[in-house]
Protein chains: 2
Amino acid sequence: MAQKLTLKKIAQDLKVSISTVSKALRDSYEISEETRKKIQEYAKQYNYKPNSIALSLKNQKTKKIGIIIPEIVHHFFATVISGVEHVANEKGYQVIICLSGESFDKEVVNMEMLANGSIDGFILSLSKETMSKQDFHHLREVINQGMPIVMFDRVADDIPGDKIIIDDVTAASEATDFLMRKAKKNVGILSTVDYVNVGRLRTQGYSEALMKRGVEVNQDLILKIEDIDHCDELIEKFIDNNPSLDGIVAVNELFAVTASKILTRKGKRIPDDVAIVAFTDGMLSKYSNPSLTTIGQNGYEMGGIAAAKLIDRLEQDQKDEERYETVIVKTSLIERESTP
Amino acid sequence: MAQKLTLKKIAQDLKVSISTVSKALRDSYEISEETRKKIQEYAKQYNYKPNSIALSLKNQKTKKIGIIIPEIVHHFFATVISGVEHVANEKGYQVIICLSGESFDKEVVNMEMLANGSIDGFILSLSKETMSKQDFHHLREVINQGMPIVMFDRVADDIPGDKIIIDDVTAASEATDFLMRKAKKNVGILSTVDYVNVGRLRTQGYSEALMKRGVEVNQDLILKIEDIDHCDELIEKFIDNNPSLDGIVAVNELFAVTASKILTRKGKRIPDDVAIVAFTDGMLSKYSNPSLTTIGQNGYEMGGIAAAKLIDRLEQDQKDEERYETVIVKTSLIERESTP
DNA sequence: TGATTTTACGAAAACGTTTTCGGCTCGTTA
DNA sequence: TAACGAGCCGAAAACGTTTTCGTAAAATCA
């Protein structure tokens, strides 16, 4: 149980001053060859590592970034974190994770916990509750203290900070058009309630695609689901109410795979009778039966970009460059068995 | 861009000393009612929050725990983190995450990065490479410095620290027996190579279950897969080579769902012709078609237990209680469509 | 030899806390 | 009135760094 080695202890053991040790370890010209060697060897032998807390305090930089997301048990968020972690580590940063569990209060508490010096900057995706409340005072507070924020996926438009998003409208439009090109005449959409940005935007893209081809938007073909845990009944009713339905755009994997299952049970063939395109290229799409054609959101890439942007901002010292950027990450349509 | 408020600034503004401010904010009896009120109100108005880095340095405690796992894009690990985070936050701790990506070197580097004062203790699940090398010097080093370690799932038996595992042998045995009770006569297992603990133990449990019922273990019915990315071909060959196969135990979801797909394609009916039980109760099992009967590893619970154990150890000051515990978390068999 | 520069090191401040201890100003008591 | 005890507050140390500045001794130069 060797006590953790510090400069002070090395100094005592070698009968020199703390400053000498510090300088020797940083190869300062002020220290003689002889003393330097001695100190460096001693440090190496006993595996000295500078205490990062002390460094943080001195430098007023923690080399840590905080990330707050609604859930981690969610493939998309997990990939984003993976991307963040990779880039951050590469640049010598560590990642602290907090989960809001889709709760506004937890999001606020977590931000306060992290903003008291624990980290240098934030990456976050807002909770559903925050989106519906449109209350962003906690973000403003943090920003006022000079801490940069990068938001991804679920962003607050009028908050000063970089944003990494996908073009939901275009992506949904392309997905819808893709189905129509496959000769599907009655394409519906399984979406979420409108206060969730992605739900609203994807529904919009869906509508735009229809209109571009001169197809009238039929509200019966739009299902907005609030409670994801009980989507089964809603989707089943939706399917029963729309017997002519032959194409589905789903804003997430779960809706898609649920629909797929219900359809199969009802004797419909996929993709011949009904084709399906899902957002989020996760495990479910890849391995479900039939596998699903999806719109990949490239979460890993998003995470990487978010981390790179944040760290850039942290390491450029002139703050005058106050232009915030919104990066739109390309989506990719991955064709699988659920479309012809 | 208000500068972050410190004790010093409050002291200057209110023309008192730093110590007075500190004491006033901690409700010390040494400070007069009047001064205390004044300081507390000022602090509240300008939203003073003590700097956590300074506190860490002073107290020699960071109130942070580090967690190193192979991958985060993996349902089981994600649930564990979720459990860790929940319990940790409840007790005022934050969670720093590092990913080893199944690489020994990255695991070592990450541990060194965290062990220099960033955290108070570790929770980890070892990388595959570490397991195959059986090189645990990095763990020993950290422990020697007095930092407690809690391992889960992939643990190193002879390292002093708490361990949270499931009883793989029993779980696999129960799964196998479950299939046999369903009148399956030729049950095989899709496993991993032996240096992965869980693979070895689950294979052992499988064999024990057979032997208990007087069935001879047939090596042809045991498939050990090394490269998870190309499991398709191996599994297909395995199925072709064993035409009488009517039950499968898979050590993870992916193997199970892959087998399920191949079997379906070959015209076999699940569960009538072949029944399947998978380890890991994740998205795939729940939503694949047919849904899979699984052995839930209760990752959320494991994470919670790991966090609680670690924090307990951190907060008990007398180190004499050096008895390390191995907690065996109960698995749960969740019946779905892939078994009769 | 005396003056000046170079070499090599140490003292101290700073980052933001908490806490111990010392001390000043009252009012109370002998 | 002198001594003493509250009551109230500030100075300083400590946590582990880095860095600026000061300075003694040694080396160089005139």
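The values are calculated or read from the model by the stated rules, or taken from the named source; none is laboratory data. Since we're looking at a predicted model, the values are computed, not measured. Positions of Cβ are backbone-derived with ideal geometry, glycine not excepted, and every protein chain shown enters the neighbour counts. Protein only, heavy atoms only, side chains kept; ligands, DNA and RNA dropped before computing areas. Shrake-Rupley method; radii C 1.70, N 1.55, O 1.52, S 1.80 Å.
Descriptive notes on the structure:
- Being more than 15 Å from B:V155 (Cβ to Cβ), hydroxyl-bearing (S, T, Y) and surrounded by fewer than 19 Cβ atoms within 10 Å (Cβ to Cβ) is a property that B:S103 has.
- The single residue among B:K128, B:K91 that is touching a residue at least 60 places away in the same chain (Cβ under 8 Å), more than 16 Å from DNA strand C (Cβ to nearest atom) and within 24 Å of B:L223 (Cβ to Cβ) turns out to be B:K128.
- Test: residue in the stretch A:107-114 that is in contact (Cβ under 8 Å) with a residue 60 or more places away in the chain and open to solvent by less than 10 Å² (accessible area, probe 1.4 Å): no
- Inter-residue pairs, beta-carbon under 8 Å, first on the phi > 0 side of the Ramachandran plot and in the stretch B:30-57, second more than 13 Å from DNA strand C (Cβ to nearest atom), 6+ apart: B:N47/A:E141
- Checking each residue in the stretch A:55-81 for being facing chain B (nearest Cβ under 8 Å), in contact with a strand residue (DSSP E or B) (Cβ under 7 Å, 6 or more places away or on another chain) and in a helix (DSSP H, G or I) picks out only A:I81.
- Residue in the stretch B:11-23 that is open to solvent by 40 Å² or more (accessible area, probe 1.4 Å), part of a loop (DSSP other than H, G, I, E, B), within 10 Å of chain A (Cβ to nearest Cβ) and within 9 Å of DNA strand D (Cβ to nearest atom) present: no
- From the list B:I159, B:I97, the lone residue that is part of a loop (DSSP other than H, G, I, E, B) and either without any contact (Cβ under 8 Å) to a residue 40 or more places away in the chain or within 20 Å of A:N47 (Cα to Cα) (or both) is B:I159.
- A:Y287 being closer than 25 Å to B:A256 by Cα, open to solvent by 30 Å² or more (accessible area, probe 1.4 Å) and within 14 Å of chain B (Cβ to nearest Cβ): yes
- Filter result for B:L179 (without any contact (Cβ under 8 Å) to a residue 12 or more places away in the chain and assigned by TED's automatic domain parsing to the domain that holds B:T293): no
- Among residues of the stretch A:18-74, those that are within 8 Å of DNA strand C (Cβ to nearest atom), of a type outside the set (S, T, N, Q) and more than 19 Å from B:K61 (Cα to Cα), counted: 10
- Hey, A:I235 within 14 Å of another protein chain (Cβ to nearest Cβ), surrounded by fewer than 20 Cβ atoms within 10 Å (Cβ to Cβ) and closer than 24 Å to A:E129 by Cα or not: no
- Put simply, of B:A308, B:A275, B:A259 the only residue that is surrounded by 21 or more Cβ atoms within 10 Å (Cβ to Cβ) and over 23 Å from A:H75 (Cβ atoms) is B:A275.
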